[in-house]
Every structure is written in C-alpha cells, then in structure tokens.
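Visitor: Quick one: structure below, then a few questions.
The values are calculated or read from the model by the stated rules, or taken from the named source; none is laboratory data. It should be emphasised that the depicted structure is a prediction, and the values quoted were computed from it without experimental measurement. Using ideal geometry, Cβ is built from the backbone for each residue, glycine included, and neighbour counts are taken over all protein chains shown. Accessible surface is based on the protein model in full, side chains and every heavy atom, while ligands, DNA and RNA are left aside. Shrake-Rupley method; radii C 1.70, N 1.55, O 1.52, S 1.80 Å.
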Amino acid sequence: QVQVVESGGGLVEPGGSVRLSCTVSKSISSIYQMSWFRQAPGLERELVAAIFRGGTTHYAGSVEGRFTISRDITKNTVALQMNSVAPDGTAVYYCKAHEVDLDYWGKGIQVTVSS
C-alpha cells in the first residue's frame, strides 16, 4: 500500500501564490505518474498537473504558465507551485500516485482563494 499525504494550502489572496507538497511512502522514481487534481464545490474532480517518471510534465490549459509541478526524488515529494491564483482556484487539491494498474490518492487539502 502506498501512502500519499498532501500539505500546504490554506487561504491565499487572488493573484497570490501558494505551494502544495505531496509526500509519498515509496520511491517516486519508480512511480509511473504523479499528479495533482482539484475538485471545486459542485464540480467534478479535474486534472491540474502531472509529472511522469521520465520527468515530462503536463498541465491543464487553465493553469499552464501559472502553476508548476516538480519533484524531489531524494525526498519522495512532489510539489505544486501555484502563482497568480484566481478565485476559481478554490478547491480541494488531491495528489495521486499512478502505477501500472493502481491509483493511490491522498485525502486532499483545501485551498481557498479569497480577499
């Protein structure tokens, strides 16, 4: 069983920045894909950003250029740096570890964008 735990988040003003971190209980260098999702109230969960085992990244169009996903293999952590956040960024953010046929989700962490 792989444990995935998110940290960071909280309240951030529109236009501000916040950094989320995801800690994984196994070596992330062996995990096919690490990703961040978010779910706003009343909406479906959506992919925000992903980083593949080889280092390739992918972003949702709505966040490209403002959010950055990165990883620290030595610490088994994946970060999501969120800049120029907008009010529609208010959501619960989830980290997911995807292996060949299994997904491991964190419990999620709240980010609220408000002045």
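Visitor: Could you pull out every one of the aspartates and glutamates with an alpha carbon less than 14 Å from that of Lys107, ignoring same-chain neighbours closer than 8 positions?
Guide: Glu6
Visitor: How big is the antiparallel share of DSSP beta bridges in the chain, given as a percent to the nearest 5?
Guide: Percentage antiparallel, nearest 5: 95.
Visitor: Sticking with the crude label model, points 7 Å out along Cα→Cβ, report the distance from Gln1 to Lys75 in nm, one decimal please.
Guide: 2.6
Visitor: Normalised by the number of residues in the stretch 1-60, what is the relative contact order in percent for Cα pairs under 8 Å and 6+ residues apart?
Guide: 24
Visitor: Roughly to the nearest percent, how much of the accessible area of the chain is carbon and sulfur, given a 1.4 Å probe?
Guide: The computed percentage sits at 49.
Visitor: Roll a 1.4 Å probe over the protein chains and send me the accessible area per residue for the chain in Å².
Guide: 52
Visitor: Taking every pair of alpha-carbon atoms in the chain, what share in percent sits in each 10 Å bin, from 0 to the bin with the longest distance?
Guide: Taking all Cα pairs of the chain, the binned fractions are 15, 51, 29, 5, 0 percent.
Visitor: Percent relative contact order of the chain, based on C-alpha pairs within less than 8 angstrom and at least six residues apart? Please report the intermediate quantities before stating the final value.
Guide: Values: 283 pairs, mean separation 42.8, N = 115.
Relative CO of the chain lands at 37 percent.
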